[in-house]
Amino acid sequence: MSKPLLPHPDRFFQADKDTGNIARRLFEEVEKLPIISPHGHTDPSWFANDTPFEDATSLFLWPDHYVLRMLYSQGISFAQLGMAPKGGTAEPDRRKAWKLFAEHYYLFRGTPSRTWLDHAFSTVFDIDVRLEAETADHYYDVIKEKLAQSEFRPRALFKRFNIELLATTEGANDALLHHQKIKQDWDGRVITTFRPDGVVNPEIDGFAQNMAALAELTHENVASWKGYLSALASRRQYFREMGGATATDHGHPTPFTADLSAVECQALLDKALKGTISAAEAELFRGQMLTEMALMSCEDGMTMQIHPGSFRNHNPLLFAGYGADRGADIPLRVGYVEQLKPLLNKVGNRKDLTVILFTLDESNYARELAPLAGHYPCLTLGPAWWFHDSPEGMMRFRRNCTETAGFYNTAGFNDDTRAFLSIPARHDVARRMDCVYLAELVATKRLDEEEAGEVAVSLAYGLPKKAYKL
Amino acid sequence: MSKPLLPHPDRFFQADKDTGNIARRLFEEVEKLPIISPHGHTDPSWFANDTPFEDATSLFLWPDHYVLRMLYSQGISFAQLGMAPKGGTAEPDRRKAWKLFAEHYYLFRGTPSRTWLDHAFSTVFDIDVRLEAETADHYYDVIKEKLAQSEFRPRALFKRFNIELLATTEGANDALLHHQKIKQDWDGRVITTFRPDGVVNPEIDGFAQNMAALAELTHENVASWKGYLSALASRRQYFREMGGATATDHGHPTPFTADLSAVECQALLDKALKGTISAAEAELFRGQMLTEMALMSCEDGMTMQIHPGSFRNHNPLLFAGYGADRGADIPLRVGYVEQLKPLLNKVGNRKDLTVILFTLDESNYARELAPLAGHYPCLTLGPAWWFHDSPEGMMRFRRNCTETAGFYNTAGFNDDTRAFLSIPARHDVARRMDCVYLAELVATKRLDEEEAGEVAVSLAYGLPKKAYKL
Amino acid sequence: MSKPLLPHPDRFFQADKDTGNIARRLFEEVEKLPIISPHGHTDPSWFANDTPFEDATSLFLWPDHYVLRMLYSQGISFAQLGMAPKGGTAEPDRRKAWKLFAEHYYLFRGTPSRTWLDHAFSTVFDIDVRLEAETADHYYDVIKEKLAQSEFRPRALFKRFNIELLATTEGANDALLHHQKIKQDWDGRVITTFRPDGVVNPEIDGFAQNMAALAELTHENVASWKGYLSALASRRQYFREMGGATATDHGHPTPFTADLSAVECQALLDKALKGTISAAEAELFRGQMLTEMALMSCEDGMTMQIHPGSFRNHNPLLFAGYGADRGADIPLRVGYVEQLKPLLNKVGNRKDLTVILFTLDESNYARELAPLAGHYPCLTLGPAWWFHDSPEGMMRFRRNCTETAGFYNTAGFNDDTRAFLSIPARHDVARRMDCVYLAELVATKRLDEEEAGEVAVSLAYGLPKKAYKL
């Protein structure tokens, strides 16, 4: 007999009745606010072309590194899931892969993936039984049938999800054709974000080719430090004009920043282009580029996002077989106080600059990030990120940051997801958990309910719009 | 319409009725106990001269680095707040500055500053409306009027706050004239604390002048290692005799300690006096001095406080303009286990020595500090400190330390504040949060209520008296 | 008047009635499951010889480093407790030592030691008054009288505790005579664990003698890298065959691993045997040996346990007087992501290998350990360990690990104890706290109660059996 799938209307709210009631009242004020999604990694071609999604397996299983990670950790190979290795081919039985996933769905108990998936199954596809071996076919059939309907196409779902704005992320050399098409023939607001990792990190695969392309696109001499910076400024302008970008995003291994002389910069650039740059010099180069990007943001007003601390592609066997973003990125211990100082010495006191800091190393919340954001005008805290985009992760963020940084030095929520259908679920969790935290403050007489309501609306809507200058 | 300001009598207690009732019963046993404030930074001249405080702005706004920090982080300059830069002058409109603060009072939602300020506004000044733009004038007028009354002078407030003992902190060369005057003409107990940073940290501004003054005061040859130590012992004696000191305080960047030979010490001292000491050697010198201070404490019985891990004056622009203690000190990652070993090897097993450890890096609570204090006879844990002197910070301290160090290896609460009017509020929060933690243990049957009551009294009163040998 | 000692049947469950009721229902499903204790340090001679335990002091006080630690931290010397220093003698008054302990029993308020001891006093000895000065004699007499009865001998208690399997830990050269005797004349299942620290850590006391003994036992040339590895493989086989071992255990200072060439390995081995190995080389040697042990586990199927991060014998005075395991081991900051990479590059993707990771540095839970275990097939998380084997420690573990690693990448509970009588208490606490965590998920609608019940049974019984291949 199959089990019911009924996301409870009071999910996440405190079990204590009085506190839970406060949380519910606060949530009622934010539940229906439009979604602002200023940082994410959905594919703009979905909205440009509005092609239907195909089936449950290609929609929910193959692209979700959270899901792949957990299944892999329990000995399920990607081949068993019907995925083709790099350069290889697969003629997968998609239904069989889905069944294998369904059999192992119990692994996700207690994880946010379970919450997000159940939310999508229930609210998007109206499924009312839990995913397990017995219901796998039912799921596969229902999802396949619905995806073929026009109201399940990307643009229709975008409207149904009440998304006011969605930002994608593109590399510095991207032509932004999808964004231009979207702008021409649709009123959904999909903007890009400028992510220059490919041309500011000399250790990234394809750096030389990326630099060559950058030169070609901008007609700048990227071998000269000055020309290189001009090329980047030019692409930033392109992103603003052609893709509506209001922000940049920087996925550096560490938050290290530098403030070098032009001569030192040129020497590093020379080595980077020749491919003779050492690991320490590459770190210095990246650190200098964060400072340069901050300086450009002072000029062009773009909000800057720093997302450090992930050891990318930790598993070489998996990377060789299936490439990046398969669930093998592992957080690292990082520090911010000394690392950001060169950047902050230059721009920390600017009131017109917004630098949003994220972390995967939560030991920094109360120790470094809240004190920094609670002092420097340019700094704002991004939400609990990636592994910490979860009920417990969000509570740790609020508990550790609020007392020092307050609510108004934070950027509200962003979902940072590739999984389009999880966006409403993620914002739902974030809004609920913020109300849970606020309800606790109200119930313990630390904040008046009327103030808590104002804060809830700011966290869900006002603060992200402000932080990303939307 | 203005909002009511009514600190709730059950604030902070659990929303769950049964548990909240236990917390309330426990709190009733400690609420009215006298305040022991063995570590703080109020100005002894207040109590020596008993001059009235002037107005809300100079009392609550300008000297409070927590408040300045938050306003600054949101783009409000110190000039806007009527503060004069170093060497500059200001003819501030104090009422205008207060209004600007009031307009931004919402920024403090969820922070301990809000709690402390509301507590002082309500309990000291009997104000019953919330601070906001509309009530700013009312606040300014009421506070100004009351401060002019004799019962709002420092000595009267001291009595009204039920302070049994208050310790201030003075540099090693201080003449302690205020403390002598207090002793002569008042029965309030205000003692000093010996803080030798200025003559043990070769990297501090003015080190050479401080050393010259130390030599003059003590008639010792501070250029010889032996004479230097004698000079410090002499000042410690002076602080005990003239200022009633029972403790020393050490604000080193790290908890690093050393145990060098006399020859090595002399060599470092030579370099320190010549100004040729390197950063690494300065750290070594400071580390040696912590060990020397511990050895002197074994002789003279003074309790030793180690407060490491703050990156002072992180913002050079602000420091140039407005000097130290303006909210730009940021915590750093530190470690204790290897760093304290040289000191502990020498004095760790002494039962007659008390070394109180503080931290801004909470990752040390469960990992290093509770295990160290739960083993070494000389070690005691200071309370949640500075950024962590807050409801959540206190709960993290108790949750992370108690199971390994117990309650009796902790030093109870101390407020560490410059803000005299926040002292009752801070002790109120600490007592409430300890009762909240204890009530949780009782409600979950981990501790009997009668035992919890004993612990609550020890934490509020007995343990600080014991740790500071009062 | 003495106070009642009555462990409450609902201890630890949430005070909130609805949630507490869920916890109680879940606990009813696991309370009576047999105990699987796959990692511990009880003395196998107890079960081989079944000699009665002597008295309260030698049973509860002298061997318990948690208890010794706390008493020592409060200035009580081991001599006062009747303990003989190394090479010395003592004719202790055991009753007097017990009284001293009883007088200081209040120190353990809020600690797990208090919970474990009260549980044993109450459930094993049927004592119904709290331990304090007034009841010390009563305790001493009751315990002494009962220990002389046959149903309080080790084997009888083993059965009474409902232990299905108990693993002890022996050094690589141990002859396992006790285990052989147990197998011959008793049906209680007591197996050994292979702990080779004495022959893989060149910095351990007695390394040279251990290596000589290893050579003699195995008839291998341990001076050659190949012979050395063969000797270790041979001992692993012996442990499996003669002691029923299914697992190895590695107490390295750090989780560092290496992957060196045979030539490099031979050079390190040469230095290790000559006693000329440097500290850095010793770390390299240990790191290589972790990788070698993992490779052997791929061959022989033994589960591998890595327990890093303890600074052993931090107090040299105490170590000189009383030796190891007296409460002077202090946790250190460690990292896993880069440190384990050489090992994981070799064996991380093996589905037939189980490597169980433990930590004393909880900052790794959410940042490193849950992401690693949530990706690599070979990795599993051990439970909250040592200082963190406590109600709060367990909640931190679940809250920080579950959302990323799920429940099924964890190894359930193990008690890791030398204190035989604490085993039922520790499993009781673990099962209760797991139910508390699960009840919270159920009460906040994050998990259905029927699923939570399945998880509770897995955590208490299924997962340890699977992780240790029992």
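The values are calculated or read from the model by the stated rules, or taken from the named source; none is laboratory data. Because the structure is a prediction, the values reported are computed rather than measured. Glycine also receives a Cβ, built like all others from the backbone with ideal geometry; neighbour counts cover every protein chain displayed.
Observations, loosely collected:
Each row is one residue, and each column tells you yes or no for (1) buried (at least 19 other Cβ atoms within 10 Å of the Cβ); (2) assigned to a loop (DSSP other than H, G, I, E, B); (3) within 14 Å of chain C (Cβ to nearest Cβ).
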residue	(1), (2), (3)
A:Glu54	no, yes, no
A:Phe60	yes, no, no
A:Leu68	yes, no, yes
A:Tyr72	yes, no, yes
A:Gly82	yes, yes, no
A:Lys86	no, yes, no
A:Thr89	no, yes, no
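- Yes/no for A:Thr354 being surrounded by 19 or more Cβ atoms within 10 Å (Cβ to Cβ), of a type in the set (Val, Ile, Thr), in contact (Cβ under 8 Å) with a residue 12 or more places away in the chain and within 14 Å of chain B (Cβ to nearest Cβ): yes
- Test result for C:Leu360, crowded, with 22+ Cβ neighbours inside 10 Å, away from chain A (no Cβ under 14 Å) and within 20 Å of the chain's Cα centre (by Cα): yes
- The stretch A:370-397, subset within 15 Å of the chain's Cα centre (by Cα) and more than 14 Å from chain C (Cβ to nearest Cβ), residue nearest to B:Leu71 (Cα to Cα): A:Leu381
- Which numbered condition C:Glu281 misses (of (1) of a type outside the set (Gly, Ala, Ser); (2) within 14 Å of another protein chain (Cβ to nearest Cβ); (3) within 28 Å of C:Gly348 (Cβ to Cβ); (4) in a helix (DSSP H, G or I)): (2)
- Looking only at the stretch A:241-253, and only at residues there that are part of a helix (DSSP H, G or I) and in contact with a helix residue (DSSP H, G or I) (Cβ under 7 Å, 6 or more places away or on another chain), the one that is surrounded by the fewest Cβ atoms within 10 Å (Cβ to Cβ): A:Met242
- Residues located in the stretch C:192-210, provided they are in contact with a Phe, Trp or Tyr (Cβ under 9 Å, 6 or more places away or on another chain), surrounded by 20 or more Cβ atoms within 10 Å (Cβ to Cβ) and not polar (S, T, N, Q): C:Phe194, C:Val199, C:Val200, C:Pro202
- All conditions in (1) part of a loop (DSSP other than H, G, I, E, B); (2) more than 14 Å from chain C (Cβ to nearest Cβ); (3) not polar (S, T, N, Q) hold for A:Arg95, with the sole exception of (1).
- In the set (1) assigned to a helix (DSSP H, G or I); (2) surrounded by 24 or more Cβ atoms within 10 Å (Cβ to Cβ), A:Asn414 fails one condition alone, (1).
- The lone exception for B:Ala272 - which of (1) under 28 Å from B:Trp385 (Cβ atoms); (2) part of a helix (DSSP H, G or I); (3) not basic (Lys, Arg) it fails: (1)
- Condition met for C:Gly309 (more than 26 Å from A:Pro316 (Cα to Cα), in contact (Cβ under 8 Å) with a residue 60 or more places away in the chain, within 14 Å of another protein chain (Cβ to nearest Cβ) and buried (at least 18 other Cβ atoms within 10 Å of the Cβ)): no
- Number of the exception - A:Met83 against (1) modelled with pLDDT of 95 or more; (2) under 27 Å from A:Ser150 (Cα atoms); (3) among the hydrophobic types (A, V, I, L, M, F, W, C): (2)
- Pairs meeting the criteria (first residue in the stretch A:63-92 and within 18 Å of C:Gly406 (Cβ to Cβ), second residue among the charged types (D, E, K, R) and not in a helix (DSSP H, G or I), beta carbons under 6 Å, at least 6 apart or on different chains) are A:His65/A:Asp325; A:His65/A:Arg326; A:Leu68/A:Arg326; A:Gly75/C:Lys351.
- C:Gly412 in contact with a helix residue (DSSP H, G or I) (Cβ under 7 Å, 6 or more places away or on another chain) and at the interface with another protein chain (Cβ under 9 Å from one of its Cβ atoms): no
So that you can scan it fast, the table gives a plain yes or no per residue for (1) without any contact (Cβ under 8 Å) to a residue 40 or more places away in the chain; (2) closer than 30 Å to A:Leu81 by Cα; (3) in contact with a His (Cβ under 9 Å, 6 or more places away or on another chain); (4) not assigned by TED's automatic domain parsing to the domain that holds A:Val200:
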| site | (1), (2), (3), (4) |
| --- | --- |
| A:Pro255 | no, no, no, no |
| A:Ala272 | no, no, no, no |
| A:Ala279 | no, no, no, no |
| A:Phe319 | yes, yes, no, no |
| A:Tyr322 | no, yes, no, no |
| A:Leu332 | no, yes, no, no |
| A:Leu340 | no, no, no, no |
| A:Asn349 | yes, no, no, no |
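- Tally of residues being surrounded by fewer than 15 Cβ atoms within 10 Å (Cβ to Cβ), more than 8 Å from chain B (Cβ to nearest Cβ) and in a loop (DSSP other than H, G, I, E, B) across the stretch C:2-21: 3
- Given (1) in contact with a Lys or Arg (Cβ under 9 Å, 6 or more places away or on another chain); (2) away from chain B (no Cβ under 14 Å); (3) not in a loop (DSSP other than H, G, I, E, B), number of the condition A:Phe256 does not satisfy: (3)
- Filter pass, A:Asn349 being touching a Gly at 6+ places or on another chain (Cβ under 8 Å), buried (at least 19 other Cβ atoms within 10 Å of the Cβ) and over 23 Å from A:Arg69 (Cβ atoms): no
- Tally, over the stretch A:397-421, of residues that are under 30 Å from B:Asp389 (Cβ atoms) and of a type in the set (A, V, I, L, M, F, W, C): 6
- Annotation note: Cβ proximity below 6 Å between a residue of the stretch C:6-29 that is closer than 22 Å to C:Asp128 by Cβ and outside the structural domain of C:Gly110 (by TED's automatic domain parsing) and a residue that is among the basic types (Lys, Arg) and not in a helix (DSSP H, G or I) (sequence gap 6+ or interchain) occurs for C:His8/B:Lys445; C:Arg11/B:Lys445.
- Residue list for the stretch A:8-64, filter: under 19 Å from A:Trp116 (Cβ atoms), of a type in the set (S, T, N, Q) and in contact with an Asp or Glu (Cβ under 8 Å, 6 or more places away or on another chain): A:Ser37
- All conditions in (1) modelled with pLDDT of 95 or more; (2) out of contact with any helix residue (DSSP H, G or I) (no Cβ under 8 Å at 6 or more places or on another chain); (3) in a loop (DSSP other than H, G, I, E, B) hold for B:Asp205, with the sole exception of (1).
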